[in-house]
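Student: Shown below is the structure under consideration.
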Amino acid sequence: MKRKSPPPPLFQRGESESSLPASLKRGNSTPTRHRLSKAGASAKLRALDKEFVWHPFTQMREWETMENVIIESGEGSYLIDTDGRRYLDGTASLWTNVHGHRKKEIDAAIKAQMDRISHTTLLGLGNVPSIELAGRLATVTPAGLTKVFYSDDGSTAVEIALKLAFQYHEQTRKANRKRRFVAFTGAYHGDTFGSMSVGEIDIFVKKYRPLLFKAFRAPYPYCYRCPLDKEPKDCAMACLYSFEAILKKNHREIAACIIEPLLAGAAGMITSPKGFLKEVRSLTLKYDVLLIADEVATGFGRTGSLFACEQENVSPDIICLAKGLSAGYLPLAATITTRKIYEAFLGEYTEYKSFFHGHTYTGNPLGCAAAIANLKLFEKGRVIERLQPKIKLFAGLLERFKDLPAVGDIRHIGMAAGIELVSDRATKKPFAPAMRIGHRVCMEARKRGLIIRPLGDTVVIMPPLSIKVAELKKMTGIIYKCIEQVTEN
Ligand SMILES: *Cc1c(COP(=O)(O)O)cnc(C)c1O
């Protein structure tokens, strides 16, 4: 085993910020004479990052050998690294960013809240922004969802939804308890044990299977590679028959169904056909199974409506929100449910029907202040309405990709798209995983000033909703060139 000697520390124990290179200090405007030291400081940060930071979803051996980019600031649709290079943010900072970076109104809302208080617990106390936000969320989410339970990220929002659904049935039935869940093929609901149990992306969860609970699995309509080997023209959404068969046989055991409405994101930007969600909803009602809508990725305008459920007029029993909730500013999540479910948790203290769950930062005032500012911007800026022409333009820009022979499928909804690359279009044969085609396209994009992340060989485009038309054109133009270059060589 090779052992690299550690890089020199940026500053030694006992040193203060004053001993940092001038260019690393806050508010430094990097005049010419500091250029060199800025480059030096940047190199040091890159080395320290490799030495100390373990990155998520990352093969660190590869990371240690690659040119790592360290982001220092942002502005609108751009990220700016420690060398001053600018990149279009094609992942909306992992599907979170809504109105762009350093949005004046959100910055101000957080600063104003900071001047009052940054954190206080919701365990035994209320706090001001968490109340206003809950009221606003109850108003804007699908009908019936009025009870807001806060947490910190998508995984915990899902974890809470699963626990609520389970406990609801435990406390409302004497016998025939419903203790299992039905989820969809290829689903992604987070990285904690409960959310992994309902998830099905093998490379993420397979190793943990022995520790996970078993869920029923219904086929998600991945029409390009139909799980039932049908052709879209004559399938009549056959997936739904499989789903109904599971419910028919097992509904007495099933507490809830969890679905990513309209768009299964991490599965590879799989868009579901119109009417699928609506039908899933009717079947869950028919068989007395709760519906959990995981709108962690789809919420807050991503699919072209504030929530994906709206497009099929669906009100789930529980909705999970995170990513876009704070507009991509702070870790904040919410699980929102109905009064009916809430009431199953009411009782005398010693009946122990309470929902014994809560995270330290639950309902964090700064996060809530950011989320309130986010919702105000949606309202005032008529964001959803004004997004519609941009979504049309996006669809048009994606059409062009059909000219590239390696493009097998183009999936698009709202401001999200996935371009699935294949080695043979006729047979839909994927590239060998070792070729890492998706990864190479994204690395090429980086050289051209665009940050994107693939899902396998699906190139994902998820810009901030606020992306300007010219920026969107530039983004798709870069991706087109990168796919062309990587797949045609
Ligand atoms: C990202 C995501 C999650 C997990 O959210 P984290 O904040 O990463 O824990 C859950 N569900 C869906 C649909 C997601 O896209």
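The values are calculated or read from the model by the stated rules, or taken from the named source; none is laboratory data. Everything quoted here is computed from the prediction, not taken from an experiment. Backbone-built Cβ (ideal geometry, glycine too); neighbour counts: all protein chains shown. Protein only, heavy atoms only, side chains kept; ligands, DNA and RNA dropped before computing areas. Shrake-Rupley method; radii C 1.70, N 1.55, O 1.52, S 1.80 Å.
Student: Determine the share of segment 43-107's accessible area contributed by carbon and sulfur atoms, expressed in whole percent, with a 1.4 angstrom probe. It would help to have the intermediate numbers written out before the result.
Tutor: Details: 1930 of 3540 Å².
Solvent-exposed carbon and sulfur of segment 43-107 make up 55 percent of the total.
Student: Applying the Karplus parametrisation 6.51 cos²θ - 1.76 cosθ + 1.60 with θ = phi - 60° to the phi angles of segment 416-431, what ³J(HN,Hα) value in whole Hz is obtained for each residue in order, glycine and proline being reported as x?
Tutor: 9, 8, x, 10, 8, 9, 9, 7, 9, 5, 5, 9, 6, 5, x, 6
Student: Moving on to the next point. Give, as a single signed number, the net charge of other residues whose beta carbon lies under 12 Å from the beta carbon of Thr139, with Lys and Arg counted +1 and Asp and Glu -1. Before the final figure, lay out the partial values.
Tutor: Details: positive: Arg136; negative: Glu132, Glu379.
So the surrounding residues net to -1.
Student: If you filter segment 273-338 for trypsin sites (Lys or Arg not before Pro), then keep DSSP loop positions with at most 11 other Cβ within 10 Å, what is left? Don't skip to the answer; put the middle values down first.
Tutor: Working: sites: Lys274, Lys278, Arg281, Lys286, Arg302, Lys323; in loops: Lys274, Arg302.
In loop regions of segment 273-338 (DSSP not H, G, I, E or B), the sparsely surrounded trypsin sites (Lys or Arg not before Pro) are Lys274.
Student: Oh, and also: Taking all protein chains in place and a 1.4 Å probe, what share, in percent, of the accessible surface of segment 138-290 do carbon and sulfur account for?
Tutor: Values: 3940 of 7010 Å².
Of the solvent-accessible surface of segment 138-290, carbon and sulfur hold 56 percent.
Student: Let me ask something else. What trypsin sites (Lys or Arg not before Pro) in segment 330-393 are in a loop by DSSP, with at most 12 other Cβ atoms within 10 Å of the Cβ?
Tutor: On the way: sites: Arg339, Lys340, Lys353, Lys376, Lys380, Arg382, Arg386, Lys390, Lys392; in loops: Lys353, Arg382.
The qualifying sites are Arg382.
Student: Tell me what the chain gives for mean residue ellipticity at 222 nm when only DSSP H runs of n ≥ 4 count, each as -39,500 (n - 2.57), the sum divided by the residue total, rounded to 500 deg cm²/dmol. Walk me through the numbers before you get to the answer.
Tutor: Details: 15 runs with 172 residues, N = 489.
Dividing the helical sum by the residues of the chain leaves -11000 deg cm²/dmol.
Student: When a/c reaches 1.5 or more, the comparison of a/b and b/c decides; with that in mind, is the chain rounded, prolate or oblate per its Cα gyration tensor?
Tutor: Numbers: a/c = 1.68, a/b = 1.23, b/c = 1.37.
It comes out oblate by the Cα gyration axes.
Student: Moving on to the next point. Can you tell me the accessible area per residue over segment 121-176, all protein chains present, probe 1.4 angstrom, in square angstrom? Let's see the in-between values first.
Tutor: Details: 2520 Å² over 56 residues.
Accessible surface, normalised per residue, equals 45 Å².
Student: Here is a follow-up. Taking all protein chains as present, what is the carbon and sulfur share of the accessible area of segment 383-488, in % to the nearest whole number, probe 1.4 Å? Walk me through the numbers before you get to the answer.
Tutor: Details: 2610 of 4670 Å².
The nonpolar share, carbon plus sulfur, comes to 56 percent.
Student: Still on this structure: Show which lysines lie in cross-link reach of Lys207 when reach means a straight Cα distance below 30 angstrom and same-chain residues fewer than eight apart are skipped.
Tutor: Lys2, Lys4, Lys50, Lys163, Lys178, Lys249, Lys323, Lys428, Lys429
Student: So, counting K/R as plus one and D/E as minus one, what does the shell of residues with Cβ under 13 Å around Thr338 add up to? Don't skip to the answer; put the middle values down first.
Tutor: Values: positive: Lys147, Arg339, Lys340; negative: Asp317, Glu343.
That sum, taken over residues with Cβ under 13 Å, equals +1.
Student: Could I ask something else about it? Only helices at least 18 Å long along their axis, Cα-based, and averaging 0.0 or more on Kyte-Doolittle count here, so list those DSSP H runs from the chain.
Tutor: Details: long enough: 35-52 (25 Å, -0.46); 128-140 (19 Å, 0.97); 154-172 (27 Å, -0.03); 365-380 (22 Å, 0.72); 383-399 (24 Å, 0.48); 469-487 (27 Å, 0.35).
Counting only whole DSSP H runs, the qualifying helices are 128-140, 365-380, 383-399, 469-487.
Student: In addition: Could you give the accessible area per residue of segment 383-488, probe 1.4 Å, as a whole number in Å²?
Tutor: On the way: 4670 Å² over 106 residues.
For segment 383-488, the solvent-accessible area averages 44 Å² per residue.
Student: Same structure, new question: GluC sites (Glu not before Pro), restricted to segment 35-107: which are DSSP loop and have at most 11 other Cβ atoms within 10 Å?
Tutor: Details: sites: Glu51, Glu62, Glu64, Glu67, Glu72, Glu75, Glu105; in loops: Glu67.
When the GluC sites (Glu not before Pro) of segment 35-107 are filtered for loop state and at most 11 Cβ neighbours within 10 Å, Glu67 remain.
Student: Accessible area per residue for segment 280-334 in Å², computed with a 1.4 Å probe and the full protein assembly in place, what is it? Write out the running numbers ahead of the final one.
Tutor: Details: 1270 Å² over 55 residues.
Using a 1.4 Å probe on heavy atoms only, each residue of segment 280-334 averages 23 Å².
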